[in-house]
Amino acid sequence: MALVPPPNGAGVQTPPLPATPPTLVDITNANEYVDTLSLSKRTAYPGAASNAEIGAAEVYKAAIVFSHRPDENVAPVWLANLHAMVQNINTEVGNMNARLAVIQNDVAVIKNDVAVVRNDVAFLRRHAEEMHILLANSRAGPHEPPITPLSPNECIASALNMGLPPLPPGTPVAERRRQIARRIGVTYN
């Protein structure tokens, strides 16, 4: 659709028809047309331009401006701004990814630490039954018999709790105490 300047009753000459697409000269002509119509109204002489005529000229000017196509190789300002914003977002995403990698590494370290603590707790649970024997025998010298356990039933229960292999039935209590002594690091003859 061709852009045609609107007529007026004020006797102001309309600008020449714009090129397709409109040029910068066409934009200037449309702007001067609006200014001349507005000036005729301000002078208040008979036959001055009406508000409707000035409004129609403004619409024509806007149509010329929006139809203008600058050099095809030049991006509009809004597109350049959008591109800059996208670049900023990409930079921020890159920064967040770097921070996320650090956090993921920290999580992996924490998981390893938790695994070590779990193993330590499991070790302590396995050896909890030995603790009272170790503590009770801490007074014994390195070549003395263990102070505790004393009875055959205590020896058997302690050996089972310590995870020692079973001894054949009828094994003397002294042999069971030797087995426990070796486990806790006491030499017992």
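When all alpha carbon pairs of segment 1-70 are counted in 5 Å bins from zero, the resulting P(r) reads 3, 20, 30, 21, 14, 8, 3, 1, 0 %.
Taking each residue as 0.36 nm, the span from E154 to R125 lengthens on full extension beyond its C-alpha to C-alpha distance by 8.5 nm.
In a fully extended conformation the segment linking T91 and E32 would gain 16.7 nm over its present Cα-Cα distance, using 0.36 nm per residue.
Once the piece of chain linking L24 and R69 is laid out straight, how much longer is it, given 0.36 nm per residue of separation minus the C-alpha distance between them? Let's see the in-between values first.
On the way: separation 45, 0.36 × 45 = 16.20 nm, distance 0.94 nm.
Using 0.36 nm per residue and subtracting the Cα-Cα distance, I get 15.3 nm.
Amide H contacts of S50 (H built 1.01 Å from N, in plane; Pro and chain starts excluded): G9 sit under 5 Å, all sequence-distant by 5 or more or on other chains.
Which net charge results for the neighbourhood of S38, defined as the other residues with beta-carbon distances under 14 angstrom from its beta-carbon, given Lys and Arg at +1 and Asp and Glu at -1? With Lys, Arg at +1 and Asp, Glu at -1, the neighbours total -1.
Computed from the coordinates by the stated procedures, all read-outs in this text should not be read as laboratory data. Only a predicted model underlies this, so the values are computations on that prediction, with no experimental measurement involved. Note: ideal-geometry Cβ built from the backbone for every residue, glycine included; neighbour counts use all protein chains shown.
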